[in-house]
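Colleague: Shown below is the structure under consideration.
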Amino acid sequence: MRIKLLLYILLPGLSLTACLNQDDQKLRPNIVFIMSDDHAYQAISAYSDKLIQTPNIDRIAKEGMLFSNASVTNSICAPSRATILTGKHCHLHGKIDNRFPFDTTQITFPQLFQAAGYQTAMFGKLHFGNNPKGIDEFKILPGQGAYYNPDFHTNDGKIHIEGYTTDVITDLTLDWMKNRRDPDKPFLLFFLHKAPHRNWLPAERHFMEYTKKVYPEPPTLFDDYQGRGSAAKGAEMNILLHQNWAGDSKLRPEVLDELGIKPSSNWDQRIMQNTYDRFTGEQLAAWNAVYDPIIEEFKERYPSMTEKEQMSWKYQRYMQDYLGCIAAVDEGVGRLLDYLDETGLTQNTLVVYTSDQGFYLGEHGWFDKRFIYEESFKTPLLVRWPGTVEPGSKNDQMVQNLDFAQTFLEIAGIEAPSDMQGESIVPLLKGDIKGWDRDAVYYHYYEYPAEHMVKRHYGIVTREYKLVHFYYDVDEWELYDRRNDPMEMQNEYNNPEYATVVAELKEKLAELRVKYEDSEELDQNFIDLYKK
Ligand code: SGN
Ligand code: CA
């Protein structure tokens, strides 16, 4: 088979399917790419069991490899997804933030799989502004999608399905696997959860359980941002100050009025009302039965609560709903893994679990993402590939979402376009780290001024340090010593002891900007386009 694949690579005009007989076709590995939205690695028990048990997601690491240093190039939804699909940094594929359109004339890796004879399917949240290309069957949520009773864009128009969206996405995925997949062809499947994106609405079975739990507070929940620059201080993602009392903490809009609580944002009350409006009568009754007593208790307590107590209350409410959403994702992953086992597909199928970026679960008092700082820069990555990946193995190399396209293409024996900017992690999956020489990664965030007010910044991350440049309306640099200050509480940029480190990293950062073809001119172009 390898020779035929080589022929295909050497003779691009030749159709791969024409070269392969049916047995060869079946031998090509299947790929299942499972991605959730905003799933923090802190909320996967394979990484940390402080918050939640995720036995099904953990199975992928138990039977495969856990990456402890996987990161994204830009910690926000649509840009991350565009990077995954194109294998390019945002400044080249152009989807620098959630608003900019994606130029659909660009090649995305599913198109190459489809052309090479793979079946391709996608279910869940793409959040890309466009329908996907190169996908035989898709059912994707419009934009962010809804947690209950979702609509989907499909190859044949719009559909509406009643139910809890995480379960619906799992059902759609399994329905395709069982009923429409051609067993004689290899497949590339995207199983893309909307959960646990804001505003965190769990399924009934989970809000009943999770609203009763109490979670440990992270040590930096009451961070005052001293030791950091104006970007951390000016960001609007503090749980106490910026999470919505109604939309996020699930107080009733009328209760806010009653208690004289000013909404944290002008869409606070509207979001919760939209949530109620979407429920069926039965769903609403189940919701109220659990959330009404929480609201009643809060009403009693609120008049005597200090700000610190309000923060602690909001943090618990946040964790209960966020983690409750993850419980359904974990069950869905379990259902898919079981199906692969039952059908014998496990052996020849690569399964990836990841998130479009990391997320703050109260670290630095925050929710949301966007920053190059640890919890949003890093993303979970678990990979199972029986026969190739050693079960229970761990890898701490700096891999990125930039690497998926080339990795999958190599696994399928399809040539990657030469302008992709990642690196295949297949050697790492095989346990060979000798040939892997990446010692730094590049990061660039753009969406500012915008919701959460995280300033534009780019930076370099090595194993030991993180050097960041915030620009646009400031010109500030930050340096973090990742080994001695893992919680990133102290900017060492102006500390003379780090002068040599700063100088070296600045040089390296400039080299990375050249290597990846980013530049001040492009920074300015994107600023100008933003203003239009
Ligand atoms: C919404 C959320 C934000 C979130 C963005 C982007 N606000 O606007 O908190 O940062 O999505 O998220 S909400 O009040 O509407 O929930 S992303 O994952 O799509 O990038
Ligand atoms: Ca996201």
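The values are calculated or read from the model by the stated rules, or taken from the named source; none is laboratory data. Everything numeric here is computed off the predicted structure, so don't read it as measured data. Backbone-built Cβ (ideal geometry, glycine too); neighbour counts: all protein chains shown.
Colleague: Here are some residues: Y360, Y353, Y339. Which one is within 16 Å of ligand 2 (Cβ to nearest atom), over 24 Å from E236 (Cα atoms), modelled with pLDDT of 95 or more and touching a helix residue (DSSP H, G or I) at 6+ places or on another chain (Cβ under 8 Å)?
Modeller: Among Y360, Y353, Y339, only Y353 is within 16 Å of ligand 2 (Cβ to nearest atom), over 24 Å from E236 (Cα atoms), modelled with pLDDT of 95 or more and touching a helix residue (DSSP H, G or I) at 6+ places or on another chain (Cβ under 8 Å).
Colleague: Still on this structure: So how many residues does segment 278-308 have that are closer than 29 Å to D224 by Cβ and exposed (fewer than 11 other Cβ atoms within 10 Å of the Cβ)?
Modeller: Count: 4.
Residue by residue, here is whether (1) away from ligand 1 (no atom under 16 Å from the Cβ); (2) touching a Gly at 6+ places or on another chain (Cβ under 8 Å) holds:
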| position | (1), (2) |
| --- | --- |
| H197 | no, no |
| P202 | no, yes |
| Y210 | yes, yes |
| Y215 | yes, no |
| Q226 | yes, no |
| S230 | yes, no |
| I239 | no, yes |
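Colleague: Could you identify the single residue in L428, L479, L467 that is over 25 Å from D224 (Cα atoms), hydrophobic (A, V, I, L, M, F, W, C) and buried (at least 19 other Cβ atoms within 10 Å of the Cβ)?
Modeller: On inspection, the qualifying residue turns out to be L428.
Colleague: Moving to a separate point now. Please indicate, with yes or no, whether at least one residue in segment 324-342 is over 30 Å from R181 (Cα atoms) and either within 24 Å of the chain's Cα centre (by Cα) or surrounded by 14 or more Cβ atoms within 10 Å (Cβ to Cβ) (or both).
Modeller: Within segment 324-342, one or more residues are over 30 Å from R181 (Cα atoms) and either within 24 Å of the chain's Cα centre (by Cα) or surrounded by 14 or more Cβ atoms within 10 Å (Cβ to Cβ) (or both).
Colleague: Taking the stated definitions as given, is A43 under 26 Å from F187 (Cβ atoms) and within 18 Å of the chain's Cα centre (by Cα)? Give the derivation first.
Modeller: Numbers: under 26 Å from F187 (Cβ atoms): no; within 18 Å of the chain's Cα centre (by Cα): yes.
Judged against the criteria, A43 is not a match.
Colleague: Quick one: in segment 443-464, which of the residues that are more than 16 Å from ligand 1 (Cβ to nearest atom) and surrounded by fewer than 22 Cβ atoms within 10 Å (Cβ to Cβ) is farthest from E517 (Cα to Cα)?
Modeller: Filtering first and then ranking leaves E464.
Colleague: Quick check on segment 175-187. Is at least one of its residues touching a helix residue (DSSP H, G or I) at 6+ places or on another chain (Cβ under 6 Å), within 30 Å of M489 (Cα to Cα) and at pLDDT 95 or above?
Modeller: No, that holds for no residue.
Colleague: Filter segment 77-99 for residues that are in contact with a Cys (Cβ under 9 Å, 6 or more places away or on another chain) and in a loop (DSSP other than H, G, I, E, B); which is farthest from ligand 1 (Cβ to nearest atom)?
Modeller: Looking at residues that are in contact with a Cys (Cβ under 9 Å, 6 or more places away or on another chain) and in a loop (DSSP other than H, G, I, E, B), I get I96.
Colleague: While we're on this one: Being under 27 Å from R181 (Cβ atoms), part of a helix (DSSP H, G or I) and modelled with pLDDT of 95 or more is the filter here, so list the residues in segment 4-63 that pass it.
Modeller: Of everything in segment 4-63, those that are under 27 Å from R181 (Cβ atoms), part of a helix (DSSP H, G or I) and modelled with pLDDT of 95 or more turn out to be P55, N56, I57, D58, R59, I60, A61, K62.
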